[in-house]
Structure formats: C-alpha cells, structure tokens
Amino acid sequence: MIENKKPKICVVGGGTAGWITLAYLVATVDAEFTIIHSEEVDPIGVGESTTPTIKHVAETCGVDEFTWMRDANATFKYGVHYTDWNRPGSSWFHCFDDLLPHQNWTRAPFENGKRLVDKELTSVEYFLKHYKTGSEFFNRSQGASHFLWHEKLSPFNQLGQANISRYPGYAYHVDAFNFGNSLRRNTDPTKYQEIINTVTDVRIGEQGIESLLLKDGTTITADLYFDCTGFKRLLIDKLTKWEPYSKLVNNAAVFGRVVGRNSDNATTVAHAQPVGWIWTIPTWQNTGSGYVYSDQYINDDQAVDHMTKYWKQQGHNWEPAKQIKFVGGRQQHCSIKNVVANGLSQSFVEPLEATSIMVTCSTVVKFVELYKRNNSIIDAGLIRMHDRVIEKFLLHMKNFVVYHYALNERRDTAYWLDVHDANASKEVSEKIKELLSQPWLKPGETAFNQWNWASMLMGYDKLYSEDLPDIPDLHIENYVDYTESLIHNYERMLGKNITVADMLRKIHQPNDIT
C-alpha cells in the first residue's frame, strides 16, 4: 500500500491509448507521471468512430473542442446507421439519445428540470407498453439525434452554442492517432516525464512489476503501470493471460480510403454484407472504409476484391491500406497487482459500435473514480475493484455486440444462418428488464443501457416479450402528448441550427470564414 506520498505512475505506450490515459491522469490525479514510448510511425489515418465519452475526456483534459477536432480531422457523429442487418433492405439508426424520467409527464409541469432523479419507470417502459415497436419513432421521441442527422444539422445554433443535450451528447469521427497527439500537445509537459525509448525487459516480483529495463540501459520503477502497448501487451501478458470471447465470428478486417469522397453525413454507416459488414467513416475531407469478416467464409483476397467492387458500384475508387487478423477477447484480469491494461492490451471485440476508444476512455475514467473513492491510495483493493468493474463493463459490451448478429432474420448465406440465435429476442427482452434500475447516464458517458437495448430490439423489428408494469391510461395519454410535443420542440428549436457542412468549415477552415 502506498500512502502519504505522491505515487509514481508509468504509462507504457505512446499511441492513442497511451496519450488518452496519460492526459486524463495528469488532469485528474496528483502523482508523478512518466510515459515511455518508442518513435511512432506515421499513422494510416483512415478514421475511427467514437462515442460521447471522448468529449468528456477531452473537456476534462482542458483541450478546446474545436482545437482537437482540427487536429484530429474530426467530424460530428450522432450514431450508427445499420443497413441490411436484420434482412436485406432493413434499416436501423442507433443514436446517442437516452431514456427519459417518467416524472416528465406524470407530475406537475413546474417540477420539470428541478428533481427528475428518481429511477422508477422510464420512457422505455411507456413506449413498449403503448407503441410496441417502431425504431424510428422511438428515436425521435427520445431525443434530438435522429432529427439532426436526418436534416444534416450540427449540434450548434446560430449563436455558436451547442444546444443538444449533454446526456449523453454527441460523438465524432476522428483520426485516432491525431486525437492522441492533440492531447499530447495540449498536456502540460512540466507535469510528466516523456521517455522516448524501447522496453527490452520486464522484471517481475511478488507485487507485480519490479522494474522496466530500457534499450539504453535505464531502469524505470513505479508504483503503478498502465500497459498501453497494443497487441504486443508487453506488461500485462507477464501477469495474466488472454481469454478469447465466445460467440464472436469475425476475425479479420481490411481497410483503407475512399478516393474523392467527402461527406457531411454525421453518422457511421454499417452496411451488412453476405459475409460480415462494411463501415464508412467520414472524417474531414476524407472517408475511411473497411470490411470486417470471418476468414472461415471468405479469404483475404476475396475480401479485398469485394471492397473494391462495392465502392466501384458507387462510383468511387477504394484504396486498401492494411489487413489485420484478430482474436476478440480480453485479459483474464485487466487490472492485476500493479498493472492496469488499457486499449488493445486490455481487450478487443471488433469495430462494431465504436467500442475501442470508448473502452480506453472508460477504463481510465473509472480508475480515477475508484482511486479518489479509495482516498487516493493505490492498493490491492483498488486494483481488484477496478478489475471487477471493467470485467463487468466488457462482458456487457461484448454481449451487446453479439446480439447485433444473433437477432438477424437473414437467410441468404451460411454466415448469417450460423450467427443467428433463435433465443436472441427473448434474451434481449430479459436484458432490458434487468437494466431497469441502472443509473442515469452522466454527461458524456456512454453505456449500453435499457434505452440502447430497446432501440436494438425495435431496430430488428422484434417485440418485447417480458411483462410490463401496470400503467394508468391517463399516464399513457400524457406520455403520448408529451412525446409529440417534444418532437415538435426539437424541430422548432433545432431546425435553426447551423448545418453540419457549414459548422465543419467554421471549425476546420476558420480563416476562410467571413
């Protein structure tokens, strides 16, 4: 146990995960920090999709939103548009809105906004009770994201104010490496030591890592180490082992750039294919696109050929940049002894639902929360608690991704037949009921809660199969009136917002705007 002194915290790895971890720790924890990384190679920069957690992290680090957006070639994102997932021709928009407190329409109007914190019934139960299904109306009646996306409007009004709810808010498409570098440039260099070197040996003792030996012979010691070394897993692999996830079929991806295609579409597109799916991610003046698949059904050459033809049919050339193979899974212990794994060192599902940067941000955010709750003491109890919290978070996230496949009704290929699960609809309904008591989201937080699971169930045109609470008819009538009024207010107030295209020009080309 370390008490009555500043702890020494060492971050190993200088990629996106490393700089997110370091910048957030420096902004929130009183400690002595060191980051060790080798010279990075220039990134490919084909874009990465994110969740609202990234906004919270950047704000906490004190980096101006437009500054890091310019650095990271970022565009806005309101959610993921799923096409052909349930069946060819199907469509579902998974956005970043959230459930509403039932007190909004069951109590006196003057209480709205004063005390709406009781976690009793929510808009999800009311919707399922009255409307049963219908994903588009569900989205529209819960928040502004669907409207803003459909109308190609930004989150900013004509006064330059962001007027979309911060619960949970909006997200971005970014060049992930450049986002990490923006945090690096905007973190006070006097608050940490940066060592550009290579770790050649990891020395292990009873308490975990005793020291790191660098290529130049330097020895580094710390009280706590964050392993952000990606798939190399230089530190964490010495203390625990990788456990593959079950029920994940995809194990390969090929990705690159779409030449000459710019877009103000503030959503990630996930387009299901006969095997796997294709993502489209628009960053500033560039579009990244990749194909996620299983090599049990097609080989790598076939995947590249499929992508080339896919974009050629849409009038664009696609330039492949990289192919990867992966095994979805996580460390048996993501935090153990004096090591916390973050980023790809810790876990990986697949690109669906933009979980990679979300997990990186959430891991360090949750560590800081627990650290402060533990009176700023690093001990075995803190590590065990963080490990349990992250394990639960990762399992929940993995299952959410799995059901995107299991709920499908496609019968056109062996791939979709194999990933289908006849029990999926019932299991998702059970999950929705289980999540009733989950706390409200915090500003910028991303969690797959009751709202997200219900949105997915309706996106796949499935009915909720669990019992619903008794709700008075008067409350149902008030709920219908309230949501119709809510939609009208979104259209009235947000319809005057600056377009996505104009707002991005203001951010990325400020000197060209008069």
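Every read-out reported here was derived from the displayed coordinates using simple, explicitly stated rules and does not represent laboratory data. Fair warning: this is a prediction, and the values are worked out from it, not measured in the lab. Glycine also receives a Cβ, built like all others from the backbone with ideal geometry; neighbour counts cover every protein chain displayed.
Only one residue of Ile378, Tyr78, Ser347 has its Cα farthest out toward the positive end of the dipole of the chain, where Lys and Arg carry +1 and Asp and Glu -1 on Cβ, and that residue is Ile378. Measure out, as a whole number of angstrom, how far apart the alpha-carbon centroids of the stretch 191-258 and the stretch 424-470 sit. Using only Cα atoms, the two centres lie 36 Å from each other. Cross-link partners of Lys309 among aspartates and glutamates, defined as those whose alpha carbon lies under 19 angstrom from its own and excluding same-chain residues fewer than eight positions apart: Asp84, Asp295, Asp300, Asp301, Glu319.
Here the stretch 252-325 is assigned +1 on the Cβ of each Lys and Arg and -1 on the Cβ of each Asp and Glu. Its dipole about the Cα centre then comes out at about 120 debye. When the Cα positions of Thr268, Gln313, Trp284 are compared along the charge dipole of the stretch 252-325, Trp284 comes out farthest toward the positive end, with charges on each C-beta of Lys, Arg, Asp and Glu.
Which shape class, rounded, prolate or oblate, goes with the stretch 32-103 when its Cα gyration tensor gives a ≥ b ≥ c as root eigenvalues, a/c under 1.5 marks rounded, and past that a/b bigger than b/c marks prolate? Intermediate values should be presented prior to the final figure.
On the way: a/c = 2.60, a/b = 1.51, b/c = 1.72.
Oblate, because a/c is 1.5 or more while a/b does not exceed b/c.
Adding -39500 (n - 2.57) for every DSSP H run of four residues or longer, then dividing by how many residues the chain holds, sets the calculated 222 nm ellipticity at -10500 deg cm²/dmol. Each of Thr499, Met458, Gln438 was placed along the dipole of the stretch 399-514 (beta-carbon charges, centred on the mean Cα), and the one lying farthest toward the positive end is Thr499. Here the average projected area of the convex hull drawn through the C-alpha atoms of the stretch 266-358 stands at 7.7 nm².
Matching the structure-derived Cα extents along the principal axes in Å against the labelled list [x] 89, 52, 50; [y] 72, 57, 55; [z] 87, 55, 49 gives the label [y].
Taking a straight line from the alpha carbon of Lys129, these lysines sit under 22 Å away, with near neighbours fewer than eight places off in the same chain left out: Lys119, Lys426, Lys431, Lys433, Lys462.
Run the dipole for the chain about the Cα centre, Lys and Arg Cβ at +1, Asp and Glu Cβ at -1, nothing else charged, and hand back the magnitude in debye, nearest 20.
That gives a dipole near 400 debye.
Ignoring lysines fewer than eight residues from Lys337 along the same chain, the ones with Cα atoms less than 20 angstrom from its Cα are Lys5, Lys6, Lys8, Lys232, Lys238, Lys241, Lys366, Lys372, Lys392.
Packing order of peptides 26-39, 415-428, highest average first: 26-39, 415-428 (average count of other Cβ atoms within 10 Å over each peptide's residues). Placing unit charges on the Cβ atoms only, positive for Lys and Arg and negative for Asp and Glu, gives the stretch 94-222 a dipole magnitude near 480 debye about its Cα centre. Normalised by the number of residues in the chain, the average gap of Cα pairs under 8 Å and 6 or more apart makes the relative contact order 24 percent.
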